[in-house]
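Asks: Attaching a single structure in structure tokens format; questions to follow.
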Amino acid sequence: METKIKYYLQIADNALILSHRLSEYCSRAPFLEEDLANTNVALDLIGLAEAVYEEVARMEGKGRIGDNIAYLRKENEYVNSILVEQPNEDFAHIMARQFYTDAFHFYFFTELCNSKDEFLQAIAHKSLKEVTYHLRRSSEWIIRLGKGTEEAKQRTQTAIDKLWKYTPAFFIESKADVQMLKNEVGVDLHTVYNQWKQKVSEVLYLAHLKIPTSDFLIKGGKEGVHSEYLGYILAEMQFLPNKYPDAVW
Amino acid sequence: METTKKSEKELLLEFEEKINGEQKIEPLDWMPEEYRQHLIRQISQHAHSEVIGMQPEGNWITRAPSLKSKKVLLAKIQDEGGHGLYLYSAAETLGVTRDQFIQWLHEGKSKYASVFNYAALTWADMGAIGWLVDGAAITNQVSLQRTSYGPYSRAMVRICKEESFHQRQGYKIMQNMMEGTKDQQEMAQDALNRWWWPALMMFGPHDGDSPRTNLAMKWKIKRETNDQLREKFINKTIPQAELIGLKVPDSNLELLTDGTYKHSDINWDEFWQVVNGNGPCNQQRLAHHIKVHNDGAWVRESAMLTSLIEE
């Protein structure tokens, strides 16, 4: 059960932490329409995280609710990929982080639709509809920026290069990944990686951007080792539940 | 076929007949310049208010205490941005672009609701803003659904549907806190103390001090005066506060036999100070908008270039 919960948390934590970063961006987009689109993606991700945390609380059977799981863990108990913690440096970084994650989510949830676990199968079907839209949006932005002004091209290439080293964190198998694949609950991350790589290459080609070649890769996240950013994210997110532990909001 | 050109006097007569007959004025209809200018000012100010209003609430999204409250707050702020879009679109029908409206905002030539120049200090402020600020806004906006300018009126119909949900979600936050711990109850009362008067100020100066009210009423841009709307809001909100155990911060409140309330007057010195740029967050709100707009310039320029190439 513990391994299965960890597998569930990998899915939920990615969604939670990325939605936090997108929430920070509310009222800060280059124009109003894009502010609303950004919020839409954040809302989809919170919805995904919430559903999974509630299921984890139910599986645990300790009388906790989904919010307790989302809010009350220690930093090294969060198992999201290190990529989604990366800050909102500019619109190019936000879109590059989104594009890498959306492409991962798209192929991950496509595979997860075949899971033998009923809950995961259902959540994969639901998320795939949303993620298909997310991926279309972020791919189109990468192409638009790559083919745009010199400044846009340069900023986007910088963001694509800079965030590249965090992408393996999605694909390095944790113990939970290995076990869940064996049980036909989880997905084969090698398959997901190959599809992801092909999609990323295709979109970068269409955007006239270079595929990063750096082999300096950072693998953190799934085993609870994070960047310095996560501590600040959690300090902010957990502030009220920590300060008023008896309060119900 | 021979057409006769109508005089300005005849056009004005026709325009006023339409208004008196409760017909809407549409963008291509003739309208007096003063009417157009009043609408440009009012609708753009309204649009800016929605957009600047995203900031005090945006301040708390990342600290929302539960996933549900985070979703609701985020969706609410998204609605406000959407209202900004409807209103900029309505205002653009009067011949001014959104870029121009934003430039006027940045130059200080166009204002936004002063209430957003107050700080959102605790989670209870998310309740107080929804309940009181959106509550005051909706009191005004329900009346504006019948405004004489068609695009503005239609935007208000959509906006009102969402604002009534916002008001309820704000009140729900306050209600939950008043049913909660002592800390939560104190936080809720503190938020009411800080937001009550700014919410009453949202209706603007007394009718006698509001120079544009007469014409706006005559041309049915406004359907009720500032003081009428303020009294409506006060009369419906005080019982809501009492129902959940909150005390409205006015020592002169008295329930009259006709069900309305006698109350203190607003601190008009504070009102004008905030309107004139000296509120707690005036500089901060505008600086945020200007910075974000400037930071996003390269994205807009690039997007414009690629859309031109694709065309």
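Asks: Any residue at all in segment B:67-86 that's within 14 Å of chain A (Cβ to nearest Cβ), more than 26 Å from B:Arg146 (Cβ to Cβ), touching a Gly at 6+ places or on another chain (Cβ under 7 Å) and touching a residue at least 12 places away in the same chain (Cβ under 8 Å)?
Replies: Yes; the residues of segment B:67-86 include at least one that is within 14 Å of chain A (Cβ to nearest Cβ), more than 26 Å from B:Arg146 (Cβ to Cβ), touching a Gly at 6+ places or on another chain (Cβ under 7 Å) and touching a residue at least 12 places away in the same chain (Cβ under 8 Å).
Asks: Looking only at segment A:68-110, which residues are in contact with an Asp or Glu (Cβ under 7 Å, 6 or more places away or on another chain) and either of a type in the set (Phe, Trp, Tyr) or in a helix (DSSP H, G or I) (or both)?
Replies: Within segment A:68-110, just A:Tyr78 meets the criteria.
Asks: Take B:Lys232 and tell me if it is open to solvent by 40 Å² or more (accessible area, probe 1.4 Å) and modelled with pLDDT of 95 or more.
Replies: On the way: open to solvent by 40 Å² or more (accessible area, probe 1.4 Å): yes; modelled with pLDDT of 95 or more: yes.
Here the answer is yes, as B:Lys232 does meet what is asked.
Asks: Here are some residues: B:Asn282, B:Asn252, B:Asn267. Which one is more than 8 Å from every other protein chain (Cβ to nearest Cβ), at negative phi, touching a strand residue (DSSP E or B) at 6+ places or on another chain (Cβ under 8 Å) and of a type in the set (S, T, N, Q)?
Replies: Details: B:Asn282 fails: touching a strand residue (DSSP E or B) at 6+ places or on another chain (Cβ under 8 Å); B:Asn267 fails: touching a strand residue (DSSP E or B) at 6+ places or on another chain (Cβ under 8 Å).
When all the criteria are applied, what remains is B:Asn252.
Asks: In segment B:180-215, which residues are part of a helix (DSSP H, G or I) and open to solvent by less than 40 Å² (accessible area, probe 1.4 Å)?
Replies: Filtering segment B:180-215 for residues part of a helix (DSSP H, G or I) gives B:182-201, B:207-209, B:213-215.
Scanning segment B:180-215 gives B:Gln184, B:Met187, B:Ala188, B:Ala191, B:Leu192, B:Trp195, B:Trp196, B:Pro198, B:Ala199, B:Leu200, B:Met201, B:Thr213.
Asks: Would you mind listing the helices (runs of 4 or more DSSP H) fully within segment B:114-179 where at least 2 residues are of a type in the set (S, T, N, Q) and over 13 Å from the mean Cα position of the chain (by Cα)? Show your work before the answer.
Replies: Values: elements: B:124-128, B:134-144, B:150-178.
Ranges flagged: B:150-178.
Asks: Within the set of pairs 6+ apart or on separate chains, which have a first residue in segment A:35-49 that is more than 7 Å from chain B (Cβ to nearest Cβ), a second that is modelled with pLDDT of 95 or more and not in a helix (DSSP H, G or I), and C-beta atoms under 9 Å apart?
Replies: Sorted first by the residue in segment A:35-49, then by its partner, the pairs are A:Ala37/A:Ala29; A:Asn38/A:Tyr25; A:Asn38/A:Cys26; A:Asn38/A:Arg28; A:Asn38/A:Ala29.
Asks: Pairs under 7 Å by beta carbon, first residue loosely packed, with under 14 Cβ neighbours inside 10 Å in segment B:240-259, partner part of a loop (DSSP other than H, G, I, E, B), six or more apart or different chains?
Replies: Qualifying pairs under 7 Å: B:Asn252/B:His263; B:Asn252/B:Ser264.
Asks: Also, quick follow-up: Within segment B:1-86, considering only helices (runs of 4 or more DSSP H) that don't extend past its boundaries, which have at least 1 residues that are in contact with a strand residue (DSSP E or B) (Cβ under 8 Å, 6 or more places away or on another chain)?
Replies: Working: elements: B:8-20, B:33-52, B:54-58.
Ranges flagged: B:8-20, B:33-52.
Asks: Give the residues of segment A:163-174 that are among the charged types (D, E, K, R) and touching a helix residue (DSSP H, G or I) at 6+ places or on another chain (Cβ under 7 Å), sorted by residue number. Steps first, please.
Replies: Step one: list which residues in segment A:163-174 are among the charged types (D, E, K, R), which gives A:165, A:173.
Passing the criteria: only A:Glu173.
Asks: Please specify each residue of segment A:71-81 satisfying the condition of being open to solvent by 10 Å² or more (accessible area, probe 1.4 Å) and either of a type in the set (Lys, Arg) or touching a His at 6+ places or on another chain (Cβ under 9 Å) (or both).
Replies: If the condition is that a residue be open to solvent by 10 Å² or more (accessible area, probe 1.4 Å) and either of a type in the set (Lys, Arg) or touching a His at 6+ places or on another chain (Cβ under 9 Å) (or both), then A:Arg73, A:Lys74, A:Glu75, A:Asn76 are the ones that fit.
Asks: Let me ask something else. Which of the residues that make up segment A:111-134 are part of a helix (DSSP H, G or I), open to solvent by less than 40 Å² (accessible area, probe 1.4 Å) and either among the polar types (S, T, N, Q) or within 14 Å of another protein chain (Cβ to nearest Cβ) (or both)?
Replies: As a first pass, look at segment A:111-134 and keep what is part of a helix (DSSP H, G or I): A:111-112, A:118-134.
Still in the list and also open to solvent by less than 40 Å² (accessible area, probe 1.4 Å): A:112, A:120, A:123-124, A:127-128, A:131, A:134.
Correct list: A:Ser127 only.
Asks: Show me the helices (runs of 4 or more DSSP H) found entirely inside segment A:156-249 where at least 3 residues are touching a Phe, Trp or Tyr at 6+ places or on another chain (Cβ under 8 Å) and within 14 Å of chain B (Cβ to nearest Cβ).
Replies: Values: elements: A:175-182, A:189-206, A:228-237, A:239-243.
In segment A:156-249, the matching helices (runs of 4 or more DSSP H) lie at A:228-237.
Asks: Can you name every residue in segment A:190-209 that is without any contact (Cβ under 8 Å) to a residue 40 or more places away in the chain and surrounded by 16 or more Cβ atoms within 10 Å (Cβ to Cβ)?
Replies: Keep residues of segment A:190-209 that are without any contact (Cβ under 8 Å) to a residue 40 or more places away in the chain, which gives A:190, A:193-194, A:197-198, A:201-202, A:205.
Across segment A:190-209, the qualifying residue is only A:Tyr193.
Asks: Would you point out the residue of segment A:12-25, among those that are surrounded by 20 or more Cβ atoms within 10 Å (Cβ to Cβ) and either over 20 Å from A:Phe99 (Cβ atoms) or acidic (Asp, Glu) (or both), that is farthest from the other protein chains (Cβ to nearest Cβ)?
Replies: Across segment A:12-25, the extreme among qualifying residues is A:Asp13.
Asks: Among the residues of segment B:160-177, write down those that are open to solvent by 30 Å² or more (accessible area, probe 1.4 Å) and modelled with pLDDT of 95 or more.
Replies: B:Tyr171, B:Lys172, B:Gln175, B:Asn176
Asks: Within segment A:138-162, which residues are among the charged types (D, E, K, R) and surrounded by 19 or more Cβ atoms within 10 Å (Cβ to Cβ)? Give the derivation first.
Replies: Within segment A:138-162, the subset among the charged types (D, E, K, R) is A:140, A:144, A:147, A:150-151, A:153, A:155, A:161-162.
Scanning segment A:138-162 gives A:Arg144, A:Lys147, A:Arg155.
Asks: Where residues in segment B:301-311 are assigned to a helix (DSSP H, G or I) and more than 7 Å from chain A (Cβ to nearest Cβ), which of them is most open to solvent (accessible area, probe 1.4 Å)? Working first, answer last.
Replies: Step one: list which residues in segment B:301-311 are assigned to a helix (DSSP H, G or I), which gives B:301-310.
Those left that are additionally more than 7 Å from chain A (Cβ to nearest Cβ): B:304, B:307-310.
Values: B:Met304: 119, B:Ser307: 43, B:Leu308: 108, B:Ile309: 117, B:Glu310: 138 Å².
So the residue we want is B:Glu310.
The values are calculated or read from the model by the stated rules, or taken from the named source; none is laboratory data. Just so you know, these numbers come straight off a predicted model, no measurement behind them. All Cβ positions, even for glycine, are placed from backbone atoms using ideal geometry, and neighbour counts span all protein chains on display. What goes into the accessible areas is simple: the full protein's heavy atoms, side chains included, and nothing from ligands, DNA or RNA. Shrake-Rupley method; radii C 1.70, N 1.55, O 1.52, S 1.80 Å.
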